[in-house]
């Protein structure tokens, strides 16, 4: 059973978020939440929020929360907000606010209920409609 949570347009640099994501990758959910509470970075709270959402999604699907492990966690680069700042002699300097997309997938190690072949046959049947 897999469950995913995603937070788009987080106002943090992807490079800074990846530093925290690398620390909790492949950990159990309890260990990862404990680690995120003790990491002294602003991004840790944002990643913790996405992880808790993924756990809640898995709980809604009937997974045992105690057995969940972070299967994958990655941070993609989002759009950049470009701004101008006044500079001397009537000029302006440009600076960039970076944004990130954080995606967390948790799994209990068991395969999903729907078999791969069944899913493919359903998609094939839908195309024929």
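The values are calculated or read from the model by the stated rules, or taken from the named source; none is laboratory data. Keep in mind the model is a prediction, meaning the values are calculated, not measured. Because the Cβ atoms are built from the backbone with ideal geometry, glycine has one as well, and the counts that use them run over all protein chains shown.
Filtering region 30-43 to residues that are in contact (Cβ under 8 Å) with a residue 12 or more places away in the chain and assigned to a helix (DSSP H, G or I) leaves 30, 32, 33, 35, 36, 42, 43. For residue 127, the conditions (1) at pLDDT 95 or above; (2) farther than 27 Å from residue 1 by Cβ are fulfilled apart from (1). For region 1-29, the set of residues classified as exposed (fewer than 13 other Cβ atoms within 10 Å of the Cβ) and either without any contact (Cβ under 8 Å) to a residue 24 or more places away in the chain or in a helix (DSSP H, G or I) (or both) consists of 15, 22, listed by residue number.
The one condition from (1) more than 12 Å from the chain's Cα centre (by Cα); (2) surrounded by fewer than 17 Cβ atoms within 10 Å (Cβ to Cβ); (3) at pLDDT 95 or above that residue 98 does not meet is (2).
Selection of region 75-84 for residues being surrounded by fewer than 17 Cβ atoms within 10 Å (Cβ to Cβ) and closer than 18 Å to residue 11 by Cβ yields 76, 77, 79, 80, 81, 82, 83. Candidates are the residues of region 30-73 that are over 16 Å from residue 106 (Cβ atoms) and under 13 Å from the mean Cα position of the chain (by Cα); the one that is surrounded by the fewest Cβ atoms within 10 Å (Cβ to Cβ) is 45. Scanning region 59-95 for residues that are modelled with pLDDT of 95 or more and assigned to a loop (DSSP other than H, G, I, E, B) turns up 87, 91.
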